[in-house]
Amino acid sequence: MSELVLDKKSYVEVRQYGFGTKLFFLYFLNVCDWFCTQVLIDTGYFHEANPIMGWIMDYPIVGFFVKCILPLALSILIWLFYKVFKLEQNKFTNFMIYSGVIIYSAVILVHILNFIMLYLNS
């Protein structure tokens, strides 16, 4: 009878990212969105598609607070909440984080396309 023996180097380990890492990545995409949006608005050829954020982005300090400082504080509070109460990641939290990453990735892709259009038209 033959036995299959696997040593530790013969299998591929699947990397599981921690909750804090996922939150940080989502926050990073949010900051990238704010930065790209601000740069595109400053060119004068683009405007914010969301009317409420358009008003907020008219005031750069307020826009920075709403898009960078406030989400950072909320991310830290959510992370601390999970750590203090020793909560486990579940399907719902992963779904929400991954949905946010997908949406922000699509928005960043639109920003990249807008930068390309801006470059080609100059």
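With the requirement that a residue be at pLDDT 90 or above, polar (S, T, N, Q) and open to solvent by 30 Å² or more (accessible area, probe 1.4 Å), what does the range 10-62 give you? Hits for the range 10-62 are T21, T43, N50.
Can you tell me which residue is nearest to Q16 (Cα to Cα) among those in the range 84-101 that are surrounded by 10 or more Cβ atoms within 10 Å (Cβ to Cβ) and of a type in the set (A, V, I, L, M)? Outline the logic, then answer.
Here is the first cut: in the range 84-101, the ones surrounded by 10 or more Cβ atoms within 10 Å (Cβ to Cβ) are 87, 89, 93-101.
Filter again for of a type in the set (A, V, I, L, M), leaving 87, 96-97, 101.
On the way: L87: 16, M96: 17, I97: 14, V101: 16 Å.
Result: I97.
Note on the range 10-106: enclosed helices (runs of 4 or more DSSP H) holding 1 or more residues that are farther than 30 Å from Y119 by Cα and out of contact with any Leu (no Cβ under 9 Å at 6 or more places or on another chain) are 19-43, 70-84.
The values are calculated or read from the model by the stated rules, or taken from the named source; none is laboratory data. Please read these numbers as outputs of a predicted model, since none were measured by experiment. Cβ: placed from backbone, ideal geometry, glycine included. Neighbour counts: every protein chain shown. Side chains included, ligands, DNA and RNA excluded: accessible areas come from the protein's heavy atoms. Shrake-Rupley method; radii C 1.70, N 1.55, O 1.52, S 1.80 Å.
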